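So the structure is just underneath, and the comments pick up after that.
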């Protein structure tokens, strides 16, 4: 009898250990606001609102977000020693490149750890700005919040990575310094003026976490018609690996009929199909994705 009980106890302990190892933990996110305050446009509180939304999404158990706001050179490297993180959001809209070699090396180390999915967003700065009512987060019909969560979920699905966001030409210096440390020849560029002559490619931005109508996202962008163009095409990362950046959404400048310019790009394929950028209906929700998180308890991968 005693031997049988001991066997059952051992079996229970093994089951319990296996259960603990498989227990899912929140995705660790560092949201780095590296932009100064732009009076009347956006400030650290506005950027923090985005990070807090991610942190509280789904009841607060899915993401654990650390928000930091500073333009001090070297501070990013110091913060990275408090990691590791699964996702970095480098929210940087600046007229100068002020990151140190240590900052850049810390971002490279995160990438080299295997959390190397990239998403490059020329519209992130306007995600919570003040020029008009449609630019204030969470956006028309919650579209800006849905877009943000779809971006985060896409990075989760890709195993973790880095989202670099910025704004139009004059303010891309810091973001391009960070991007150049990873993909030496890749750059944000230009100033766009969104028309309704464009499309979302695949469904990454439209339903990875929350279905959202393209038109609602576009209405937000139209309120501040001066986003950055995100890089697309073939690049070589700092490790010597070939990387393809795919457009996730592109549109012609007003009035339309011109070359399409990408607003958001990523280092993973967006999937098949195109959805008109002014489509008024949201796609169907993804059926029960195994979507959280990228890691298990019991040690860092």
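The values are calculated or read from the model by the stated rules, or taken from the named source; none is laboratory data. Only a predicted model underlies this, so the values are computations on that prediction, with no experimental measurement involved. Methodologically, a virtual Cβ is constructed for each residue, glycine included, from the backbone with ideal geometry; neighbour enumeration extends over all protein chains shown.
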**Message:** Let me spell it out: the conditions are (1) under 30 Å from residue 237 (Cα atoms); (2) assigned to a loop (DSSP other than H, G, I, E, B), and residue 153 meets all of them except one. Which number is the exception?
**Reply:** (2)
**Item:** Hits in segment 237-255 - residues which are farther than 13 Å from residue 116 by Cα and either outside any strand (DSSP E or B) or more than 19 Å from the chain's Cα centre (by Cα) (or both)
**Value:** 240, 251, 252, 253, 254, 255
**Asked** Mind checking which residues of segment 87-117 are out of contact with any strand residue (DSSP E or B) (no Cβ under 8 Å at 6 or more places or on another chain) and in a helix (DSSP H, G or I)?
**Response** 101, 102, 103, 104, 105, 106, 108, 109, 112
**Item:** Of residues in segment 37-59 being loosely packed, with under 15 Cβ neighbours inside 10 Å and at pLDDT below 95, the one farthest from residue 124 (Cα to Cα)
**Value:** 59
**Request:** Those residues that are farther than 21 Å from residue 55 by Cα and out of contact with any helix residue (DSSP H, G or I) (no Cβ under 8 Å at 6 or more places or on another chain), I need them from segment 134-180; list them, please.
**Result:** 168, 169, 170, 172, 173, 174, 175, 176, 179, 180
**Prompt:** What are the residue pairs meeting all of these: first residue in segment 67-86, first residue on the phi < 0 side of the Ramachandran plot and free of Cβ contacts under 8 Å to residues at least 60 places away in the same chain, second residue assigned to a loop (DSSP other than H, G, I, E, B) and buried (at least 19 other Cβ atoms within 10 Å of the Cβ), Cβ atoms under 7 Å, and 6 or more apart or on different chains?
**Reply:** 71/34; 73/99; 76/99
**Message:** Based on this model, can you work out whether residue 210 counts as under 17 Å from the mean Cα position of the chain (by Cα), surrounded by fewer than 21 Cβ atoms within 10 Å (Cβ to Cβ) and either at pLDDT 95 or above or not in a strand (DSSP E or B) (or both)?
**Reply:** yes
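Here is a list: 187, 130. Which entry is in contact (Cβ under 8 Å) with a residue 12 or more places away in the chain, over 30 Å from residue 82 (Cα atoms) and surrounded by fewer than 20 Cβ atoms within 10 Å (Cβ to Cβ)?
Numbers: 187 fails: over 30 Å from residue 82 (Cα atoms).
Answer to the check: 130.
Please work out which residue is nearest to residue 45 (Cα to Cα), limiting yourself to segment 118-135 and to residues that are part of a loop (DSSP other than H, G, I, E, B) and in contact with a strand residue (DSSP E or B) (Cβ under 6 Å, 6 or more places away or on another chain). I'd like the intermediate steps shown before the answer.
Let us first name the residues in segment 118-135 that are part of a loop (DSSP other than H, G, I, E, B), namely 122-123, 129-132.
Next, only the ones that are in contact with a strand residue (DSSP E or B) (Cβ under 6 Å, 6 or more places away or on another chain) stay: 122-123, 129.
Working: 122: 20, 123: 18, 129: 11 Å.
Going through the qualifying residues, I end up with 129.
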**Message:** I'd like to check something: does segment 99-120 contain any residue that is buried (at least 18 other Cβ atoms within 10 Å of the Cβ) and modelled with pLDDT under 95?
**Reply:** no
**Asked** Of (1) closer than 30 Å to residue 130 by Cα; (2) crowded, with 19+ Cβ neighbours inside 10 Å; (3) modelled with pLDDT under 95, residue 294 satisfies all except one. Which?
**Response** (1)
